[in-house]
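Here the structure is laid out as structure tokens; the discussion comes afterwards.
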Amino acid sequence: MSVPRLQVIDLGGPDGGSLLLLGPSLGTSTATLWTGVAQRLNDHLRVVGWDLPGHGRGVQAQPFTIADLSAAVLLLADSLGADTFHYAGNSVGGCVGLQLLLNAPQRVGSATLLCTGAAIGTPDDWLERAATVRAGGIDTMLAGTAQRWFGPGFIARQPGVGAALLDALSHTDPESYALVCEALAMFDVTDRLSEIAIPVLAVAGSADGATPPESLRCIASGVQDGDLVVLDGVGHLAPVEAPDRVAGLIAELVGVPQPPSRTVEDVHRAGMAVRREVLGDAYVDGAVAGTTDLTADFQQMITQYAWGSIWTRPGLDLRSRSMITLTALVARGHHEELAMHLRAARRNGLINDEIKELLMQTAIYCGVPDANSAFRIAAEVLPEFNEHQGEQ
């Protein structure tokens, strides 16, 4: 077994703030699972996540145990200069939290453990799932996952969020997924819960079939200082199904001010506002007017998820986000989107000379043919603007 190398997933917050580390669930990326909660907490806490090997931004690894993952989290905290930190983890991320509390209690100020267990499932079930994924690929997990992950009606209420999570699963490395399954097959700290003295909040979803409330009740009653909260109607991924409630519970345990409530309508409203600011009213009005039954869910997803959850984040200004977006579009050859975002970049304050330098840079790191196509598109779009007045 070996200790994996974990990537820092920066979810915002003041450099001098107390550190909150967030752990993911099997088949998810930290960004898709935890961003909503992080946005509600990063006014007062420095929020950092980590991805499982082969998930999201996580690099593939050799076989590992839950104890190895907890050691990797400690190394991550060391790299951030944090002697102590607060921790929150969902499912396997919660198992890692329990291991941290056993192996390094002096490092952990508090732990919020969601939709998890001192042992989850049975070893045979996990080994069977690992074999299934190795034989048939990650697509074998897609069909039943929505039912396992979400409470009743969640997909209908939040199709964009559900689609983003399932997309993250579809891009998970199958071998890495199998290795996590094997690590869970070996994990059982039920007999050691009484050793844990750090404050623990166990959070269950009433509709979670994978780790039902009784699993979390076992943790809360087994540790020396534990509490249990059951979220009504929530399934296995509480951070996305109930971000306001989860953020509020973490804030209360950690001892920071309660975050302001941010409803789905708030996210959509903020996303639409920044979408109009970046792309212009005419473009957005045209996209809205052209919405059909086929595209309605997609329009809702990009407004809430892309614009409302990412473009509204405080960590980068719109100008910087435009530069990143242009580079990505050149790299992927999305020419229609590139034309749209060249106009957006001008609205966000980039001048033609800066765009020229950006495209020159892409010639080196994306390829000369890609940059050549981008310059051709820019030559068609940028004459619409001048350096002083923006769009003419």
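Of note:
- Some residue of the range 97-109 being basic (Lys, Arg), in contact with a helix residue (DSSP H, G or I) (Cβ under 8 Å, 6 or more places away or on another chain) and over 30 Å from GLU252 (Cα atoms): no
- All told, LEU6 meets the bar of being at pLDDT below 95, of a type in the set (A, V, I, L, M) and in a loop (DSSP other than H, G, I, E, B).
- Test for THR112: is it part of a loop (DSSP other than H, G, I, E, B) and under 19 Å from the mean Cα position of the chain (by Cα): no
- Search result, residues across the range 6-37 that are in contact with a Leu (Cβ under 7 Å, 6 or more places away or on another chain), in contact (Cβ under 8 Å) with a residue 40 or more places away in the chain and more than 16 Å from CYS95 (Cα to Cα): LEU6, VAL8, SER18, LEU19, LEU20, THR32, LEU33, TRP34, THR35
- Scan of the range 146-188 for residues that are of a type in the set (Val, Ile, Thr) and buried (at least 20 other Cβ atoms within 10 Å of the Cβ), ordered by number: VAL161, THR172, VAL180
- Condition broken by GLU354, with the remaining ones in (1) assigned to a helix (DSSP H, G or I); (2) touching a residue at least 60 places away in the same chain (Cβ under 8 Å) satisfied: (2)
- Residue among ASP139, ASP191 that alone is modelled with pLDDT under 95 and surrounded by fewer than 21 Cβ atoms within 10 Å (Cβ to Cβ): ASP139
- Residue match in the range 341-363 (condition: closer than 27 Å to GLY162 by Cα and either in contact with a Pro (Cβ under 9 Å, 6 or more places away or on another chain) or surrounded by 11 or more Cβ atoms within 10 Å (Cβ to Cβ) (or both)): yes
- Residue match in the range 57-65 (condition: within 17 Å of the chain's Cα centre (by Cα) and crowded, with 19+ Cβ neighbours inside 10 Å): yes
- Here PRO4 fulfils each of the conditions (1) over 17 Å from GLY162 (Cβ atoms); (2) assigned by TED's automatic domain parsing to the domain that holds ALA238; (3) not polar (S, T, N, Q) apart from (2).
- So GLY137, is it in the same structural domain as LEU102 (by TED's automatic domain parsing) and without any contact (Cβ under 8 Å) to a residue 24 or more places away in the chain: no
- Scan of the range 15-34 for residues that are in a loop (DSSP other than H, G, I, E, B), modelled with pLDDT of 90 or more and surrounded by fewer than 24 Cβ atoms within 10 Å (Cβ to Cβ), ordered by number: none
- Unmet criterion (only one of (1) crowded, with 24+ Cβ neighbours inside 10 Å; (2) assigned to a strand (DSSP E or B)) for VAL37: (2)
- If the condition is being of a type in the set (Val, Ile, Thr) and buried (at least 24 other Cβ atoms within 10 Å of the Cβ), then the range 231-256 contributes VAL234, VAL240, VAL246, ILE250.
- Count of the range 40-86 residues, restricted to those that are in a loop (DSSP other than H, G, I, E, B) and closer than 25 Å to ALA247 by Cβ, is 15.
- The listed residue being loosely packed, with under 14 Cβ neighbours inside 10 Å and at pLDDT below 90, out of PRO259, PRO314: PRO314
- Residue identified as out of contact with any strand residue (DSSP E or B) (no Cβ under 9 Å at 6 or more places or on another chain), in contact (Cβ under 8 Å) with a residue 40 or more places away in the chain and of a type in the set (A, V, I, L, M) among VAL256, VAL284, VAL267: VAL267
The values are calculated or read from the model by the stated rules, or taken from the named source; none is laboratory data. Because the structure is predicted, anything quoted here is derived from the model rather than measured. Heads up, the Cβs are rebuilt from the backbone with ideal geometry, glycines too, and the neighbour counts pull from every protein chain shown.
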